[in-house]
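Right, one structure below, let's go through it.
The values are calculated or read from the model by the stated rules, or taken from the named source; none is laboratory data. Keep in mind that this is a model prediction, so the values were computed, not measured. All Cβ positions, glycine included, derive from the backbone under ideal geometry; neighbour counts span all protein chains shown. The protein model used for the area step is the full one, side chains on, heavy atoms only, and it has no ligands, DNA or RNA in it. Shrake-Rupley method; radii C 1.70, N 1.55, O 1.52, S 1.80 Å.
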Amino acid sequence: MKKNVLVTVSGIAILGGIAWFGAHHAEHVMVDKGIERFKQALGPDVSFTYSRAKPGLLGRSVRFYGLVFRQGPETMTADEAELTKPDTQDSDVTRINHLSFRNFQLADPAGSLHLKTVEMDDLALPTKAEDPTAPGVQTLSIGYAQATGLHGFVSTLQSDLSADTASMDNFGANETSHLQARNVLLSTDVAPPRHIHADSVVVDGVALADLYKTLTTGAPYTTHPGTRDVTIDQLSMDGTAPLMRARRVLSHANHTDTTEQEVTSVQELELLPAVPNMGWLPSLGYDRFVGNVVLNDTYTPKTGALHVETFSVDSANMGRLHMNGEFGQANSASMLTDNNADMQVISMAMTYIDHGLVPKALGAVASARGLPPQAFLAFVQSQSATAQNPAFAGFFHWLANPGKQTLSVGIKPIQPMPLMLVVATLGNLASMPELAQKIGLSVQAH
């Protein structure tokens, strides 16, 4: 009896070993065939090598060691990579259910990228075609990805980018994405050097795949209809000296086929004297600007019309400025960019409540002319009296007591006038008060 049991057990063990060897061999055969089909699908310029491959159960997954993947000018390497095929019987080898890497590196003409770890779900790899722009040609898409230890270099920006962690949903052509990253740093040493840091960045509604294409090929970026939201916490920018700090930046935009509406706020903004055009701060006794900024506007790209609902700057120890207006020939939805320096002023309305800035500015100008502030004010008022413009009387009354009244200023040029020319005209009113009529100036203190 014992002999029969031993024979039976031995037979089972032998058969099991043969079955395991056969299955293991079959898995390797399946992996080899799968890799060959994978190469053929991606095109003849693909080089795919590895030091060792370990197949998973029934060839549904495979782990590579010492992976090197080359396609055209791109080179990708990883110490380890694990690939899992979709659960369906789909024979498309360019579709991957799950892909993970350890010590991942990517290099191409657009720059380089290193990730300590990265995991991706629902991938569709790009395939070769005679016409890459033909409809239906598969491009890279990723359902979800998360990474740690990110560091990259963007050639077009000549900048380094790093983040402790990053996650992304929906990366694909003409598809809006969701991105979250922590401890983000963007640095460039090309003059002028800039080092930008944020504790947290959240971007929702931007087509990241299209943006990547813009950075790598120079193709124009097309804004997609829908909403876009950006939240940045603890933002800072430094050059050769500190430039800017902000506790939080919030931006919400709604894009339609005809208009772009945007609301942006910067909370607890600090601007230091090294910021361009802010060098006057120390001369007035300020070591920095501290305040909040809000911008709410609507842009019509087809006509270049820009309607500013609200632009406000509120500083506790300087003053509060509120502006709204209509502008033409604008190039973007934000009046804060250099692209809009030449936009035309159709009409503007401003209110200003002083919290200490005006007396300091008046004192600095008077001191430069060797006069006491009140004597300088009287001099300018006498020079402007010949203009016969009642607006000046209200303005100089307010200027003598700026903390007690609100100053309201209206501008409506006879013809639309470039914004920078309006600013220059306002700066020359003291010596040429007759220019007030040209820009349709009205002033009221109340």
- Query: Restricting region 400-420 to residues that are touching a residue at least 24 places away in the same chain (Cβ under 8 Å) and in a loop (DSSP other than H, G, I, E, B), which is surrounded by the fewest Cβ atoms within 10 Å (Cβ to Cβ)?
  - Reply: 414
- Taking region 298-330 as the search range and keeping residues that are in a loop (DSSP other than H, G, I, E, B) and within 30 Å of residue 405 (Cβ to Cβ), which one is most open to solvent (accessible area, probe 1.4 Å)? 316
- Task: Just one of (1) surrounded by fewer than 17 Cβ atoms within 10 Å (Cβ to Cβ); (2) at pLDDT 80 or above trips up residue 390, so point out which.
- Result: (2)
- Got at least one residue in region 409-422 being at pLDDT 80 or above and more than 26 Å from residue 307 (Cβ to Cβ)? no
- Within region 255-283, which residues are closer than 27 Å to residue 345 by Cβ and not in a loop (DSSP other than H, G, I, E, B)? 255, 260, 261, 262, 263, 264, 265, 266, 269, 271
- Would region 266-288 turn up any residue that is among the β-branched types (Val, Ile, Thr) and within 25 Å of residue 225 (Cβ to Cβ)? no
- Members of region 204-237 found to be modelled with pLDDT under 85 and either open to solvent by 80 Å² or more (accessible area, probe 1.4 Å) or touching a helix residue (DSSP H, G or I) at 6+ places or on another chain (Cβ under 9 Å) (or both), listed by number: 212, 213, 217, 219, 220, 221, 222, 224
- Yes or no: residue 180 surrounded by 15 or more Cβ atoms within 10 Å (Cβ to Cβ), modelled with pLDDT of 95 or more and either more than 18 Å from the chain's Cα centre (by Cα) or on the phi < 0 side of the Ramachandran plot (or both)? yes
- Task: Inspect all residues belonging to region 131-144 and state whether any of them is within 23 Å of residue 196 (Cα to Cα), open to solvent by less than 50 Å² (accessible area, probe 1.4 Å), touching a Phe, Trp or Tyr at 6+ places or on another chain (Cβ under 7 Å) and at pLDDT 85 or above.
- Result: no
- Flagged in region 421-432 as over 18 Å from residue 365 (Cα atoms) and touching a residue at least 40 places away in the same chain (Cβ under 8 Å), in numbering order, are 422
- Could you please find all residues in region 238-271 being aliphatic (A, V, I, L, M) and either surrounded by 14 or more Cβ atoms within 10 Å (Cβ to Cβ) or over 24 Å from residue 191 (Cβ atoms) (or both)? 243, 244, 246, 249, 250, 253, 263, 266, 269, 271
- When residues of region 272-297 are filtered for being open to solvent by 40 Å² or more (accessible area, probe 1.4 Å), of a type in the set (A, V, I, L, M) and modelled with pLDDT of 95 or more, how many remain? 2
- Message: Can you find, within region 354-373, the residue that is surrounded by the fewest Cβ atoms within 10 Å (Cβ to Cβ) among those that are in contact with a Pro (Cβ under 6 Å, 6 or more places away or on another chain) and under 19 Å from residue 288 (Cα atoms)?
- Response: 363
